[in-house]
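Accompanying notes for the structure given below.
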Amino acid sequence: MSYISLSDNDKKEMLARCGVASVDGLFGCIPDGVRLGRELDLPAAMTEPELVRHFESVAARSTYGRYLSFLGGGVYHHVIPAIVEALSSRGEFLTPYTPYQPEVSQGTLQVIFEYQTLICQLTGMDISNASLYDGASAAAEAVLMAQRLNNRPRVLVARSLHPQYRETIDTYVRNLGLAVDEVGFGDRGGLRSAELAAKLGPDVCGVIVQSPNFFGVVEEVEKIAALALGHKALTIVAVAEGLSLGILQAPGKLGADIVCGEGQSFGLAPAFGGPYLGFMGCGKDYLRQLPGRIAGLTKDVDGKRGFVLTLSTREQHIRREKATSNICTNQAWCALRATIFLETLGQKGLREMALQNMHKTRYARERLTRIPGVKARFSGPVFNEFVIDVPGDAAAVADGLKAKGILGGLALGAFDPEWKNGLLVCVTEVQTRDTIDRLAGALEEVLR
Amino acid sequence: MNREPLIFEISDAGKRAFGFPALDVPEAKDLLDGLAVREDIPGFPQVAEVEVVRHFTRLSQQNYCVDIGFYPLGSCTMKYNPKVNEKIAGMAGFANAHPFAPADTVQGCLEVIHRVEKALCEIAGMDAFTLQPSAGAQGELVGMMLIHACLEARGNPRKIVLIPDSAHGTNPSSAHVCGYKVREIKSNESGRVDLADLAKAMTEDVAALMVTNPNTLGVFESDICDVAGIVHAKGGLLYMDGANMNALTGIVRPGDMGVDVLHINLHKTFSTPHGGGGPGSGPVGIVRELEPFLPVPLIVRRGEGFGLEYGRPRSIGRVRSFYGNFLVAVKALAYIQALGPEGVREIAEISVLNANYIRKSLEGIYHLKYDAPSMHECVFSDKIQKDAHGVSNLDIAKRLIDYGVHPPTMSFPLIVHGALMIEPTETESKRDLDIFIEAMKAIAREAAENPAVLKSAPHHSVVRRLDETAAARNPVVKWEKPSAR
């Protein structure tokens with residue numbers, strides 16, 4: 001299949017205007033010594049029907065869809081309203097570039113402006129950027145931002161932060177001389193505040209805590225923020241399950257200085273890891289240290305309302321090595337889907353969806369922990385996932401469930417050998433009483 | 001066209017556009033054991049379904065896009081995005097796969113990643129690729145981190161990265177985020193890296209040179225082998241920004257030019273849609289020596305199938321969750337698979353032909369600061385129009401909007417004052433190229449005859465020229481409920 005639009009006649013005319021006999025004549029600037037001089041070793045071309053048939057067979061080799069899945073851990077199976085797909089697949093949204101020419105990009109720019117407003121409303125922060133790559137890299141950017149804001153050399157990271165967020169932070173700060181210290185969790189499953197108090201000091205730029213955390217437990221953000229404030233350290237709240245903001249108190253109301261998180265739950269499929277979107281908001285005083293694109297309101301020469309990308313003096317194309325971040329683009333199309341999703345769900349729908357997650361999760365936790373040998377690992381309140389301890393290795397239990405057609409959760413031994421009895425079970429609104437009961441029944445059989 | 005209101009301005013209490021089945025489990029009491037539950041989300045919209053559909057449909061009509069017409073945004077490679085690739089990426093085996101799923105249940109996904117890596121190795125002439133970086137800029141950062149790790153393993157990570165003055169702004173920024181100091185290398189009178197300046201700057205404190213090839217002028221760095229020689233002789237590594245791979249596919253491979261590390265933008269060369277500014281994907285290719293440092297996990301062959309390998313003690317770690325923007329990789333593979341080897345070579349051949357056709361058609365009418373041969377793009381400037389009529393590249397760009405064409409990249413690269421950087425890509429028809437050429441000629445005439453019409457352009461867009469200075473001086477970055485009188 002070729003996507004070239006030139007006829008043989010076109011090519012002839014164009015070559016003539018270029019003054020060469022063949023296209024080869026246009027590549028004279030490439031030294032002979034480095035030319036490939038052979039055809040690339042790639043599979044033969046395919047027409048559209050062949051292509052579709054071929055990829056149907058590749059996709060079919062992913063059998064995941066045959067299982068009843070309770071996997072979560074930062075990526076969630078949620079409903080996606082039909083209009084999200086229908087509207088976001090319009091070519092006018094899918095095929096423009098970054099809106100550098102605002103007069104012909106008002107659609108994208110207004111969507112970003114609405115997205116920023118929605119993120120502010122959800123997080124309780126003053127301002128939001130136009131999105132970052134994903135939750136993990138947003139967490140790393142938030143840590144770098146905190147360091148820029150107060151120039152202190154140490155950051156405190158909750159042990160209950162998503163392990164991939166933690167790894168991403170470690171990778172980003174490794175060559176920058178910023179030390180990372182960990183604060184453990186207690187029986188509740190949340191950050192141990194006594195340990196936090198002991199580790200805080202005048203050299204700490206910020207504390208990053210995830211709520212609900214990796215174990216699904218809602219953190220005591222208000223208490224944590226108060227402790228951090230006592231040392232003039234910034235509180236960064238990471239939200240790996242964006243939907244929780246539909247019912248949990250906005251972190252901005254609890255003392256968070258920076259909120260970052262993952263927007264996958266807002267109309268984006270699990271997609272084997274991406275693309276998703278990272279969201280980020282902060283207080284208005286930090287506007288000029290916020291990384292990423294930002295859309296702002298303005299007027300045209302006739303006084304008509306319009307939107308532009310703004311505050312670009314923070315960014316790499318103007319500031320080069322002095323920029324707040326090296327990030328160039330946002331995840332505009334993912335942010336578009338999130339915007340359509342959130343506006344479709346609306347005030348009532350989002351709250352109802354979040355509540356259904358909580359009720360079903362509570363039902364599942366009670367149902368599973370009635371099984372002999374199974375107990376809740378933590379006592380703290382949860383949103384839509386929780387850790388159960390099972391007798392023996394949770395990975396073996398998960399395998400047993402898998403043999404029965406159920407992916408019962410994430411075995412935590414892969415992240416830390418100390419957690420090997422733990423299974424992180426996620427229950428969203430897509431589950432029903434019946435599927436939860438099936439999981440419980442299967443678990444009972446596996447443990448029998 | 002009237003401006004579409006913000007959704008918040010048409011919201012009214014009690015409306016909704018989506019419902020859920022009744023809860024089929026008992027309602028739990030005291031959901032949060034005493035922690036606060038929010039009562040509402042102040043300002044959050046409440047609208048009906050048809051209102052949402054019309055809102056976004058009308059907004060979409062205020063966008064220009066590749067599906068509408070010519071989009072010659074230089075260095076952004078705005079080519080046609082095949083529709084069938086969207087269909088393939090939407091297949092349930094790809095779109096619904098959970099990234100924590102056991103490897104044996106996601107073999108199709110792992111196969112896609114493996115095959116994209118393999119194809120990119122062949123096209124770029126590198127030994128290995130990682131698909132983890134989310135976009136070009138993150139690819140640059142990973143590349144810098146790999147170089148840092150490699151040189152550290154050799155004994156000294158070094159302090160400085162050299163970057164030509166024509167480079168994209170992400171290059172110095174990415175080097176900086178990796179902890180390197182940046183030193184600029186001058187371009188010579190042909191717009192290429194100045195070898196003498198490079199030789200002088202290339203010391204044993206220098207970790208790497210970041211070079212874009214073809215560079216941002218659309219000029220091939222024909223001394224690339226000498227450049228690599230100078231860098232390697234002092235123990236440095238050569239990084240190539242592969243943003244302009246569109247000019248090279250099937251003709252010449254970075255790995256064969258002495259490049260040690262490069263990133264490729266799947267959303268440029270491999271035709272995945274830009275989506276109004278993302279998602280992108282910035283795979284990084286390397287030579288063998290850097291393999292131990294690649295981000296985790298690696299996708300590896302295991303028997304007949306594929307697995308994920310985490311236990312890599314020398315890895316730089318990870319720069320995001322999971323395995324990169326997977327669905328973007330699916331679309332890129334579909335594109336490579338549709339084209340085959342000849343089609344991939346044709347990308348370079350026709351994009352270079354199209355760019356040279358535009359250049360020949362506009363030379364003399366617009367000023368060309370560097371007359372070195374053009375590859376896939378050409379960089380004109382406003383010099384002729386500015387000197388004679390006071391018309392700037394901004395005026396020219398805005399007037400193009402009235403002619404129904406998206407403007408070229410403006411004011412970049414920085415070494416060309418008043419730049420207009422034109423990249424047509426290979427998928428454009430001659431008819432669309434001619435429409436653009438005629439529009440540019442008409443604008444040059446207007447500059448002489450009626451410059452006012454350019455300075456006040458655009459005239460026919462949904463909004464006219466916007467006040468960007470005011471937006472930055474007094475930033476309003478969200479909607480707020482008008483306060484009650």
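The values are calculated or read from the model by the stated rules, or taken from the named source; none is laboratory data. Values in this document were obtained by computation on a predicted structure and should not be read as measured data. As a convention, Cβ positions derive from the backbone with ideal geometry for all residues, glycine included, and neighbour counts pool all protein chains shown.
A few remarks follow.
- Only residues that are facing another protein chain (nearest Cβ under 7 Å) and more than 21 Å from the chain's Cα centre (by Cα) were counted in segment A:347-363, giving 9.
- Only helices (runs of 4 or more DSSP H) whose full extent lies in segment B:149-260 are considered here, and the ones with at least 1 residues that are in contact with a Phe, Trp or Tyr (Cβ under 8 Å, 6 or more places away or on another chain) and more than 21 Å from B:Leu120 (Cα to Cα) are B:170-177.
- Residue in segment A:422-431 that is under 27 Å from the mean Cα position of the chain (by Cα), away from chain B (no Cβ under 11 Å) and among the hydrophobic types (A, V, I, L, M, F, W, C) present: yes
- For segment A:36-76, residues that are more than 7 Å from chain B (Cβ to nearest Cβ) and in a loop (DSSP other than H, G, I, E, B) total 6.
- In segment A:233-259, the residue that is farthest from the other protein chains (Cβ to nearest Cβ) out of those that are hydrophobic (A, V, I, L, M, F, W, C), in a helix (DSSP H, G or I) and crowded, with 24+ Cβ neighbours inside 10 Å is A:Leu243.
- If you filter segment B:13-28 down to residues that are without any contact (Cβ under 8 Å) to a residue 24 or more places away in the chain and at the interface with chain A (Cβ under 7 Å from one of its Cβ atoms), you find that the one that is nearest to A:Ile80 (Cα to Cα) is B:Phe20.
- Hits in segment B:462-473 - residues which are closer than 27 Å to A:Ile318 by Cα and either surrounded by 14 or more Cβ atoms within 10 Å (Cβ to Cβ) or more than 29 Å from the chain's Cα centre (by Cα) (or both): B:Val463, B:Arg464, B:Arg465, B:Leu466, B:Asp467, B:Glu468, B:Ala470, B:Ala471, B:Ala472
- Neighbours by Cβ (under 7 Å, 6+ apart or cross-chain): first from segment B:444-466, without any contact (Cβ under 8 Å) to a residue 60 or more places away in the chain; second hydroxyl-bearing (Ser, Thr, Tyr): B:Leu466/A:Thr298
- Selection over segment A:77-115 of residues that are among the charged types (D, E, K, R), more than 7 Å from chain B (Cβ to nearest Cβ) and either touching a residue at least 40 places away in the same chain (Cβ under 8 Å) or not in a helix (DSSP H, G or I) (or both) gives a count of 0.
- Residue within segment A:12-29 that is within 22 Å of the chain's Cα centre (by Cα), more than 7 Å from chain B (Cβ to nearest Cβ) and either among the aliphatic types (A, V, I, L, M) or closer than 29 Å to B:Asn215 by Cα (or both) present: no
- Of residues in segment A:116-140 being β-branched (Val, Ile, Thr) and in a helix (DSSP H, G or I), the one farthest from A:Gly346 (Cα to Cα): A:Thr123
- When restricted to residues that are over 29 Å from the mean Cα position of the chain (by Cα) and part of a loop (DSSP other than H, G, I, E, B), segment A:372-387 contains 3.
- Residue check for B:Arg359: part of a helix (DSSP H, G or I), crowded, with 24+ Cβ neighbours inside 10 Å, more than 23 Å from the chain's Cα centre (by Cα) and assigned by TED's automatic domain parsing to the domain that holds B:Ala447: no
- Residues of segment B:62-89 satisfying the condition of being closer than 16 Å to B:Asp402 by Cα and within 8 Å of chain A (Cβ to nearest Cβ): B:Gln62, B:Asn63, B:Tyr64, B:Cys65, B:Ile68, B:Tyr71
- Checking each residue in segment B:368-392 for being crowded, with 24+ Cβ neighbours inside 10 Å and aliphatic (A, V, I, L, M) picks out B:Met375, B:Val379, B:Val391.
Each row is one residue, and each column tells you yes or no for (1) crowded, with 20+ Cβ neighbours inside 10 Å; (2) of a type in the set (Phe, Trp, Tyr); (3) in a loop (DSSP other than H, G, I, E, B).
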residue	(1), (2), (3)
B:Leu394	no, no, no
B:Pro407	yes, no, yes
B:Leu433	yes, no, no
B:Ala439	no, no, no
B:Arg445	no, no, no
B:Ala448	no, no, no
B:Lys481	no, no, yes
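- The combined condition, being among the aliphatic types (A, V, I, L, M), surrounded by fewer than 23 Cβ atoms within 10 Å (Cβ to Cβ) and away from chain B (no Cβ under 14 Å), is fulfilled by A:Leu196.
- Restricting A:Arg337, A:Arg370 to those that are buried (at least 23 other Cβ atoms within 10 Å of the Cβ), charged (D, E, K, R) and more than 7 Å from chain B (Cβ to nearest Cβ) reduces the list to A:Arg337.
- Close pairs from segment A:210-227: first within 18 Å of A:Tyr165 (Cα to Cα), partner of a type in the set (S, T, N, Q) and in a helix (DSSP H, G or I), Cβ under 7 Å, at least 6 apart: A:Pro212/A:Ser244
- If you go through segment B:38-72 and keep only what is of a type in the set (A, V, I, L, M) and either in the same structural domain as B:Arg464 (by TED's automatic domain parsing) or touching a helix residue (DSSP H, G or I) at 6+ places or on another chain (Cβ under 9 Å) (or both), you end up with B:Ile41, B:Val47, B:Val52, B:Val53, B:Leu59, B:Val66, B:Ile68.
- Total residues in segment A:388-404 satisfying the condition of being of a type outside the set (Lys, Arg), within 28 Å of the chain's Cα centre (by Cα) and surrounded by fewer than 20 Cβ atoms within 10 Å (Cβ to Cβ): the figure is 3.
- Annotation note: Cβ proximity below 6 Å between a residue of segment A:364-381 that is under 15 Å from A:Phe215 (Cβ atoms) and a residue that is among the hydroxyl-bearing types (Ser, Thr, Tyr) (sequence gap 6+ or interchain) occurs for A:Lys375/A:Thr369; A:Ala376/A:Thr369.
- Residue identified as closer than 22 Å to A:Ala140 by Cβ, buried (at least 24 other Cβ atoms within 10 Å of the Cβ), touching a strand residue (DSSP E or B) at 6+ places or on another chain (Cβ under 8 Å) and at the interface with another protein chain (Cβ under 8 Å from one of its Cβ atoms) among A:Gln316, A:Gln331: A:Gln331
- Residue list for segment A:1-10, filter: facing chain B (nearest Cβ under 7 Å) and in a helix (DSSP H, G or I): A:Asp10
- Among residues of segment A:173-193, those that are surrounded by 15 or more Cβ atoms within 10 Å (Cβ to Cβ), within 13 Å of another protein chain (Cβ to nearest Cβ) and not aliphatic (A, V, I, L, M), counted: 5
- Single residue of segment B:29-56 satisfying the filter (within 7 Å of chain A (Cβ to nearest Cβ) and not in a loop (DSSP other than H, G, I, E, B)) that is surrounded by the most Cβ atoms within 10 Å (Cβ to Cβ): B:Phe56
- Entry remark, segment B:319-341: residues being facing chain A (nearest Cβ under 7 Å), touching a residue at least 24 places away in the same chain (Cβ under 8 Å) and of a type outside the set (S, T, N, Q) number 12 in total.
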